[in-house]
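Contents: one structure, followed by commentary.
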2 protein chains.
Amino acid sequence: MGQLSSESGVAVPTIKYYQREGLLHAGVLTSPTQASYDDSHVERLKLIRALIDIGALPVASAKNVIAAIDDPDLPLTWTFGVAQHAITQTVSPPAGSDGSGMVAVHSALDAAGIRVNDENPGLAIAAGVLDSYRQLGHDELAEIVGEYLRAALIVAEADLDAVASRAGRGGMAQTVVVGTVLGDALSAGLRRIAQEHVSNVRFPAPTDARPSPRFHPDSN
Amino acid sequence: MGQLSSESGVAVPTIKYYQREGLLHAGVLTSPTQASYDDSHVERLKLIRALIDIGALPVASAKNVIAAIDDPDLPLTWTFGVAQHAITQTVSPPAGSDGSGMVAVHSALDAAGIRVNDENPGLAIAAGVLDSYRQLGHDELAEIVGEYLRAALIVAEADLDAVASRAGRGGMAQTVVVGTVLGDALSAGLRRIAQEHVSNVRFPAPTDARPSPRFHPDSN
């Protein structure tokens, strides 16, 4: 286990914890106090760390998505569902919601010819944001939901292209989980880049206005 | 202040806290112990609650973005920067990164003709995700970064359409902040919907496989 720790960069007590919690499969016992580990253990530890460190999943959620990867009978579509639930905070509609956000979401989906299960966690998230836009007097932001949906479909098609390029259910399921969990961060990062680009084109800052954007405090 | 509390749904001690922290402007003193508040206070309280409750901003970050809205001299492009920094976790590259993620990000941006400041917080986020994909043996996910970027540009153009539809710098700056902070959640929600839709089309689940996706534990 010391060797597994040095190869994976994960501390021994943490490895033991993952084994106890069922995230990491056991090694092959070579003596009562020794077990042997192979590449599959190193790979799995990398996956666990990526889900927790980059994907910010709690250990319990990481356990659920790993169980979904390892379940040979789980249809791929449901693997998406498990991964989505793992990364999705439960969202309550903002106080005073009149349900118009959910109506607006369904109207955008109808316009795009999309039907999903009522339990899809994205419905409540999107409806909550649209409710907030209206409550804050920003209807102009609610009106661009169709463009956001168009972008989401491009991302989802690309996600499924990546899944389809893998051979075998295990690899495909892991692509579903990794792409779903880390892809939100990729989208958010690229959105910041695209915003700067588009806003520079449309609203060029006067070159003599301020010495540097660093002037502004960054709270992180 | 009791009336402001009942109109906004925010408790009096919380209102006092926001005033001390500089998120909410003072009322007009009508006597040594009485102040009068108007619609601008109710609106501001709604905005603060949306940033904190829906956008999950810490109070210090909410304070920064509100200062950016209220600063009449701040160019709109920099208002985006302030909002982006407020919602962006600092990201370290995964251990053992060889810098190939950042190379891949710049290569995707070059292909799209996009140039941004090195300080754009999206660069490190996107590079970290691409590093992780490669380390996990999921190059097929790194290869779809161009499609993610295409989607991000659609979202950014829509964001700027919304900003441009507002009259006056104050309203535009608030659209920047609200759209940037809450728009990530909208994108993430719609991505879950689009994934279910596209994966149902491409990988239909056998109808007799399992009784219901509810069978799988949802850890949230």
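The values are calculated or read from the model by the stated rules, or taken from the named source; none is laboratory data. Values in this document were obtained by computation on a predicted structure and should not be read as measured data. Here the Cβ positions follow ideal geometry from the backbone for every residue, glycine too, while neighbour counts run over all protein chains shown. These accessible areas exclude ligands, DNA and RNA; they are computed on the full protein's heavy atoms, side chains included. Shrake-Rupley method; radii C 1.70, N 1.55, O 1.52, S 1.80 Å.
Here are the numbers for the structure shown:
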{"item": "Dimensionless Rg ratio for the protein assembly as shown, taking C-alpha atoms and the 2.2 N^0.38 Å reference", "result": "1.04"}
{"item": "Amide proton proximity set for residue A:36, modelled H, under 5 Å, gap of 5+", "result": "A:28, A:29, A:30"}
{"item": "Identity and axial distance of the chain A residue whose Cβ lies nearest the axis relating A to B, Å", "result": "A:151, 2"}
{"item": "Radius ratio Rg over Rh of chain B, counting only Cα atoms, Kirkwood formula for Rh", "result": "1.06"}
{"item": "Within the protein assembly as shown, helix-based [θ] at 222 nm, where runs of 4 or more DSSP H residues each add -39,500 (n - 2.57), nearest 500", "result": "-20000 deg cm²/dmol"}
{"item": "Relative contact order [Cα under 8 Å, 6+ residues apart], chain B, whole percent", "result": "18"}
{"item": "Range of Cα positions in the range A:37-131 per principal axis (Å), largest first", "result": "56, 28, 16"}
{"item": "Local electrostatic count at residue A:166 - Lys and Arg +1, Asp and Glu -1, tallied over other residues with Cβ under 14 Å", "result": "-3"}
{"item": "Whole-Hz couplings from phi, Karplus 6.51/-1.76/1.60, listed for the range B:4-18; x for Gly and Pro", "result": "4, 5, 6, 6, 9, x, 9, 5, 4, x, 5, 4, 4, 4, 5"}
{"item": "For the range A:25-33, Karplus couplings with θ = phi - 60° (6.51, -1.76, 1.60), whole Hz, Gly/Pro x", "result": "5, 6, x, 8, 5, 9, 7, x, 10"}
{"item": "Average silhouette area of the range B:106-195, convex hull of alpha-carbon atoms, in square nanometres", "result": "7.0"}
{"item": "Long-range amide H partners of residue B:203 with built H, under 5 Å", "result": "none"}
{"item": "In degrees, nearest ten, helix A:39-49 long axis to first principal axis of chain A (Cα)", "result": "30"}
{"item": "In order through the range B:156-173: 3J(HN,Hα) via Karplus (6.51 cos²θ - 1.76 cosθ + 1.60), integer Hz, x for Gly, Pro", "result": "5, 4, 5, 4, 6, 4, 5, 4, 5, 6, 8, 9, x, 4, x, x, 5, 5"}
{"item": "Net charge of Cβ neighbours under 12 Å - reference residue B:125; Lys, Arg +1; Asp, Glu -1", "result": "-1"}
{"item": "In Å, descending, principal axis extents of the Cα set of the range B:1-73", "result": "34, 29, 19"}
{"item": "Lysines whose Cα lies under 21 Å from that of residue A:63, excluding same-chain neighbours fewer than 8 positions away", "result": "A:16, A:46"}
{"item": "Where labels lie 7 Å past Cα in the beta-carbon direction, separation of residue A:14 and residue A:202 in nm", "result": "4.2"}
{"item": "Solvent exposure of the range A:78-195 as accessible area per residue, Å², 1.4 Å probe", "result": "34"}
{"item": "For the pair A and B, total buried accessible area rounded to nearest 100 Å², probe 1.4 Å", "result": "9800"}
